[in-house]
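The values are calculated or read from the model by the stated rules, or taken from the named source; none is laboratory data. Remember, it's a predicted structure, so these values are computed and weren't measured experimentally. Because the Cβ atoms are built from the backbone with ideal geometry, glycine has one as well, and the counts that use them run over all protein chains shown.
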Amino acid sequence: MTNSNYRLTYLFSGLFAAVSLGLLLVVYHKFMKMGGPNAYVAPE
Amino acid sequence: MLGRFFGLFRAVSLIDGMIFNYWIIKHADHYYDWIFLSIGLIFLFGFMIMCFMLKEGEYPPVPLVEEDLRRGGFFSMAKVYFRECFTNSYYLWVFALLTIGGAAFAPINAFSLLYAKSLGMTTEAYGKWIFWTYVCSLALAYPLGSLVDRFHASAWDSPWDPSCR
């Protein structure tokens, strides 16, 4: 599909990394709402 | 302590990677079957050592539950599994993060050698350059472990969270 254009590997890795950074912010926000590092209570 | 342990644990795998990339990968084009077989045997040996030498600790008995879910059969258990794993949005976000984060590294690991070859680089030169990147990682492994021990989450006094102050 990419005709062996392996440079695209780095583009896709970068895109995935950017998306995971956004997801990290969402998870961090939810984690802090559940008590954060000092008072975390796992959801039921 | 755990951070430094994982730092040293990482150092062992980095040293393995350095040995492989400096001395072995250049032979991969012609002897990949023997290299795979050797790695498999070394892994089997290490895994068997772990199986025979690792001893289980003493644990308290599992508390009895009134309703044994296993009585309902396969589909009942599967229903509980899917309900517990896929109905809580927090865990869905966490696993989306872990999956996409893992997928960010996977293409690099899978295609970097092919990319190097497409640029006209030999497998030997590729291995040597990877060796030097691992030297950098090795130098960082223990200091990063020490930092994890010093600033890990359970002893964390977050500058962004007023409740931690």
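Summary of values
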| quantity | calculated |
| --- | --- |
| All positions within the stretch B:51-101 that are of a type in the set (Phe, Trp, Tyr) and over 30 Å from A:Ser20 (Cα atoms) | B:Phe52, B:Tyr59, B:Phe74, B:Phe75 |
| From B:Leu114, B:Leu64, residue being out of contact with any helix residue (DSSP H, G or I) (no Cβ under 8 Å at 6 or more places or on another chain) and under 29 Å from B:Ile25 (Cβ atoms) | B:Leu114 |
| Cβ-Cβ under 6 Å pairs, at least 6 apart or on other chains, the stretch A:1-14 side more than 7 Å from chain B (Cβ to nearest Cβ), far side among the hydrophobic types (A, V, I, L, M, F, W, C) | A:Thr2/A:Leu8 |
| Any hit, the stretch A:20-39, residues being under 20 Å from the mean Cα position of the chain (by Cα), part of a helix (DSSP H, G or I) and modelled with pLDDT under 90 | yes |
| Enumeration of residues in the stretch B:117-147 that are within 14 Å of chain A (Cβ to nearest Cβ), more than 14 Å from B:Ile19 (Cα to Cα) and either exposed (fewer than 13 other Cβ atoms within 10 Å of the Cβ) or touching a helix residue (DSSP H, G or I) at 6+ places or on another chain (Cβ under 6 Å) (or both) | B:Leu119, B:Gly120 |
